[in-house]
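The values are calculated or read from the model by the stated rules, or taken from the named source; none is laboratory data. A quick note: this is a predicted structure, and the numbers were derived from the prediction, not measured. Neighbour counts are summed over all protein chains in view; Cβ atoms, including those assigned to glycine, are modelled from backbone coordinates with ideal geometry. Heads up: the accessible areas ignore ligands, DNA and RNA and are worked out on the full protein's heavy atoms, side chains in. Shrake-Rupley method; radii C 1.70, N 1.55, O 1.52, S 1.80 Å.
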Amino acid sequence: MNTILVWLIKVLIIYGGLLGTAALMTLAERKVSAWIQHRKGPNRVGPCGILQPLADGVKLFFKEEVLPAGANRLLFRFAPALTALPAMMTVAVIPFGGELELFGITTKLSIADLDIGVLYILAVGGLGIYGIILGGWASNSKYSLLGGLRASAQMVSYELSMILAIVAVIAVTGSLDLREIAQAQAAFTDWNIWRQPLACGLFVVTMFAETNRHPFDFAECEPELVGGFHTEYSSMKFGLYFLGEYSAMVVMACLATTLFLGGWSVPFVPEAHWLLGLAAFMAKTACFLFLYIWVRWTLPRLRFDQLMGLGWKVMLPLALLNLFITGALLSLTGA
Amino acid sequence: MVNILFYICAVAAIASALGVVSARSPINSVLSLLGTFFSLAVIYLLAGFQFMAAIQILVYGGAIMVLFLFVIMLLNLGNPEQVAQADPLFKPGRATGVALAVSGAALLLGLLAAHALPADHLSPVPAGSGRAMIETLADAIFGKYVLPFEVASVMLLAAAVGVLVLAKRERPGLLDTEAEDNR
């Protein structure tokens, strides 16, 4: 009974946290863009505009829903959920902290500890692309179709480099379990960003491509494709796409924190209190989330051929090289 | 509980596999194939092969099917029925194809039956590390079940050759469009 209750509370807190962070990210995006462009940004709804995401959500719910002529009814309705669902499923295996004891109950700060946590995130997270492809196809619009096509080509090209970058980390740690990967980086000097700097860089770049963010947001690409895959979407279906995109960003940031920045480890404070560890985890994740926004409002979008060239001619060879060096060093040192 | 889940997934896998070959629109075929892969992944999970399930979703669900969708959407094939009816070899070809497919399936099933699945094939794999599980898997595929495994790969190869034949356009037609482009 107690275990079920504890588990239920963890699920509620972690999913609530994910959705809350995703909603706040929409506000942060506008606030940071305003700051970068010397504007004020949303500041009318609530103190400092903090209630803006809520107002946006309510507005989306009351918008008219449009089903375009000639659209595939089933897939058109189903596609947004297909994007949002995998992003929310992946957060289940992220370890937010070590063991903690509260009210006499000892538990770990994650919903599930899988032996194959990394594979689970890659497998389930990769399914989010179906929502974009199928949504683009089902809309019966050439702009949407082109957006979906680009998304699929981009996804296949960059997922390979991402997996190879992660494989190098796995080789160093010797485990597919995210909790073990984080525990192996308990000391500040053991963080994978120092041991695998190239893999870290590759992961961060592919992270942008996998979540369809600037400068790789070719699925959307508003100057050429109107709105890309979501051109025909309105109301809360459009909202679901956004929720999915921002949730995927949050999960990717959490994954990057776990893989490269030592998860919940606090620099120079061994055996830190679990609250401090959780705060450290959130601060590191926030850095990656800020990077997402910072890059979006700094770099221009690539051209599509540049995107493919970068994926196949730069990222993939670098990832292979990194894996080769890692493997060679590991076998030479006999680790 | 595990048994009920297994039968649900098995029926779903077979039903969506039938959907792959019977669906008119290629997109529906791809989605049915995706359904098959997911059902199989759940069956792997029920058998305790977490690794296999994750790889199944990652490789087939995440990469290969996305590529399929990409190609289908890019080619945007016309109505397959019309293309098929115009071909004089369509009807005899279909009959031969069905006969070959049925005999291939019979061969595969016969081989599997000859190897007699153990009675406890639904029980979880003996506990062990991920490495032990993968070794068990490799032993099963390349040791005991190597013959059914190879037959399945030959059938896949036959399907690939079939796709090549179907997708190959007539030379004159190709030249015509080229001439039109040059005009």
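What to note about this one:
- Failed criterion for B:Val2 (all others in (1) under 26 Å from B:Glu135 (Cβ atoms); (2) modelled with pLDDT of 85 or more hold): (2)
- Residues of the stretch B:40-50 that are within 10 Å of chain A (Cβ to nearest Cβ) and out of contact with any helix residue (DSSP H, G or I) (no Cβ under 6 Å at 6 or more places or on another chain): B:Gln50 alone.
- Residues that are away from chain A (no Cβ under 12 Å) and either open to solvent by 40 Å² or more (accessible area, probe 1.4 Å) or not hydrophobic (A, V, I, L, M, F, W, C) (or both), drawn from the stretch B:13-32: B:Ile14, B:Ala15, B:Ser16, B:Ala17, B:Leu18, B:Gly19, B:Val21, B:Ser22, B:Arg24, B:Ser29, B:Ser32
- Within the stretch A:139-152, the set of residues being under 19 Å from A:Phe218 (Cβ atoms), surrounded by fewer than 24 Cβ atoms within 10 Å (Cβ to Cβ) and more than 9 Å from chain B (Cβ to nearest Cβ) comprises A:Ser141, A:Lys142, A:Tyr143, A:Leu146.
- Close Cβ contacts (under 8 Å, 6 or more residues apart or on different chains) running from residues in the stretch A:312-325 that are closer than 14 Å to A:Val204 by Cβ to residues that are open to solvent by 80 Å² or more (accessible area, probe 1.4 Å) are absent.
- The criterion of being surrounded by fewer than 21 Cβ atoms within 10 Å (Cβ to Cβ) and touching a residue at least 60 places away in the same chain (Cβ under 8 Å) does not hold for A:Val156.
- Residue count for the stretch A:159-176 satisfying the condition of being of a type in the set (Asp, Glu) and open to solvent by 20 Å² or more (accessible area, probe 1.4 Å): 0.
- Filter result for the condition that a residue is within 19 Å of A:Tyr246 (Cα to Cα) and open to solvent by 30 Å² or more (accessible area, probe 1.4 Å), over A:Gly125, A:Gly135: A:Gly125
- Residue in the stretch A:83-122 that is farthest from the other protein chains (Cβ to nearest Cβ), counting only those that are open to solvent by 40 Å² or more (accessible area, probe 1.4 Å) and closer than 21 Å to A:Phe242 by Cβ: A:Leu85
Rundown of residues vs (1) out of contact with any helix residue (DSSP H, G or I) (no Cβ under 7 Å at 6 or more places or on another chain); (2) within 29 Å of A:Gln183 (Cα to Cα); (3) buried (at least 16 other Cβ atoms within 10 Å of the Cβ), yes/no style:
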| position | (1), (2), (3) |
| --- | --- |
| A:Pro267 | no, yes, no |
| A:Leu276 | yes, yes, no |
| A:Ala280 | yes, yes, yes |
| A:Arg301 | yes, no, yes |
| A:Asp305 | yes, no, no |
| A:Gly309 | yes, no, no |
| A:Leu321 | yes, yes, no |
| A:Thr326 | no, yes, yes |
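- Condition broken by B:Gln50, with the remaining ones in (1) at pLDDT 85 or above; (2) closer than 29 Å to A:Ser157 by Cβ satisfied: (1)
- Identity of the residue in the stretch A:155-179, more than 10 Å from chain B (Cβ to nearest Cβ) and touching a Phe, Trp or Tyr at 6+ places or on another chain (Cβ under 8 Å), that ends up nearest to A:Asn212 (Cα to Cα): A:Tyr158
- Of the residues screened, A:Gly263 is not one that is open to solvent by less than 60 Å² (accessible area, probe 1.4 Å) and not in a loop (DSSP other than H, G, I, E, B).
- Condition check for A:Glu245: open to solvent by 20 Å² or more (accessible area, probe 1.4 Å), assigned to a loop (DSSP other than H, G, I, E, B) and among the acidic types (Asp, Glu): no
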